[in-house]
Amino acid sequence: APGIQKDFTSPTIPQVHIQKWAPPPAFLVLQSDQRRHQPLCLNYNGNSLDASGAGGTERRRRRPGKAPAPALSQISSGQARMEGQYDQQNKSRVVKVDSPESWETCLTQAAAQGCPVVVHFTAAWCMPSVAMNPFVEELASANPDVLFLTVDVDDVKEVATRMEVKAMPTFLLLKDKTPVDKLVGANPEEIRKRIDGFVQSFCTSVA
């Protein structure tokens, strides 16, 4: 209204000083370094970021060196040694007769050395006779002073006919090239009993 004056004095506004804020120096873990099994950090110094390891300086662990590959000669010698041991363990003590000549040679040598002979007459088509092969090998290992022979009647028919073998398996026990006992059939217990008695009687007669 005219004649009336009011003093509109503005309140004092304090002066505000705005400063740029910066976080204090700190390590900020971002991710795990799986190669070194330690955290990968960023070092903030107020102005820049410096990538480093947890210790401030990145260090890589030395990987252990691989062992040198064995020489080819070492591999060959090791393989040959293993094969030799395998052959020695699996070498048969039963001699296979493949001809009438080898039959005569085996019997002659056994008679000259005073060695008893056990012959297993077999055939590839006779399953009971083939099944006796491991048992004959066992007997041969248990009686190292006895010569064990195996004769396939189809391969050496002349010997089978001469020894009058008509069924398989047939076990023939010989002394000085002469048959002293014969057993027909796959009967392990009876065969073992006959061979044990034959070996004992042979040793008694020699002594």
Within the accessible area of segment 143-182 (1.4 Å probe), percent carbon and sulfur
46
Area of C126 that stays accessible when all protein chains are in place (1.4 Å probe, Å², to 10)
10
Pull up the DSSP beta bridges for segment 95-205 and report the antiparallel fraction as a percent, rounded to 5.
55
Gyration tensor (alpha-carbon) shape descriptor, segment 95-205, a/c threshold 1.5
oblate
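Report the relative contact order of segment 95-205, percent, no decimals, based on alpha-carbon pairs under 8 angstrom and at least 6 residues apart.
On the way: 159 pairs, mean separation 36.8, N = 111.
Relative contact order, segment 95-205: 33 percent.
The values are calculated or read from the model by the stated rules, or taken from the named source; none is laboratory data. All values reported here derive from a predicted model rather than from experimental measurement. Note: areas computed on protein heavy atoms with side chains; ligands, DNA, RNA excluded. Shrake-Rupley method; radii C 1.70, N 1.55, O 1.52, S 1.80 Å.
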